[in-house]
Amino acid sequence: QMKMAHRFRVALGLFGVLVAHIIEVWVFGIVYYLLLLQGSFGTLKYASELTFMDTIYFSFVTYTSLGYGDMVPIGLIRFTAGLEVLTGLVLIAMTASFMYVQIEKFWTEKELHNKR
């Protein structure tokens, strides 16, 4: 078994969770796009014609609870937007907790090593 430096493991973990969050945003963005194409789930109130990348952008803004307000869900798609906000809040909080535990573990190990 190859041992990695704890800092590298933390950085790798951070990269992994960021990639996971990006994948989740894209999944929601694809769902928005498909629901909007279907037509009966509502729309995103927006000044111009919606594109696929607009739905990805809306998903990022929603997932992170940034909420610029330049796109507003109208109709049944609001439920999906609410579900994405809740998912984003929970998973971002879990990521913060995970990273805190990993970093605290490193500090504790470093402190113990320095006391020897």
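For the stretch 1-92, calculate the relative contact order in percent as a whole number, restricting contacts to Cα pairs under 8 Å that are 6 or more residues apart. The partial results should precede the final answer.
Values: 73 pairs, mean separation 26.3, N = 92.
So the answer I get is 29 percent.
What nm value, rounded to one decimal, do you get for the distance between residue 87 and residue 38 when each label is placed 7 Å out toward the C-beta?
1.4
Taking amide H positions as placed 1.01 Å from N in the peptide plane, with prolines and chain starts having none, which residues 5 or more places from residue 72, or on another chain, fall under 5 Å of its amide H?
45
Can you send over the carbon and sulfur percentage of the accessible area for the chain, probe radius 1.4 Å, protein chains only? Write out the running numbers ahead of the final one.
Details: 5710 of 8160 Å².
Carbon and sulfur: 70 percent of the exposed surface of the chain.
Calculate for the chain the 222 nm mean residue ellipticity that helices alone would give, adding -39,500 (n - 2.57) per DSSP H run of length 4 or more and normalising by residue count, nearest 500 deg cm²/dmol.
Details: 3 runs with 84 residues, N = 116.
Only helices count here, giving -26000 deg cm²/dmol.
Between residue 7 and residue 68, 0.36 nm times their residue separation minus their Cα-Cα distance comes to what?
Working: separation 61, 0.36 × 61 = 21.96 nm, distance 3.49 nm.
Using 0.36 nm per residue and subtracting the Cα-Cα distance, I get 18.5 nm.
Give the Rg/Rh ratio for the chain, taking Rg as the radius of gyration of the Cα atoms and Rh as the Kirkwood radius, to two decimals. Before the final figure, lay out the partial values.
On the way: Rg = 19.4 Å, Rh = 16.3 Å.
Rg divided by Rh gives 1.19.
The values are calculated or read from the model by the stated rules, or taken from the named source; none is laboratory data. Note that the coordinates shown come from a computational prediction; the quantities given were computed from them, not determined experimentally. Here the Cβ is made from the backbone with ideal geometry for all residues, glycine too, and neighbour counts use every protein chain on show. SASA here: full protein model, heavy atoms, side chains in, ligands and nucleic acids out. Shrake-Rupley method; radii C 1.70, N 1.55, O 1.52, S 1.80 Å.
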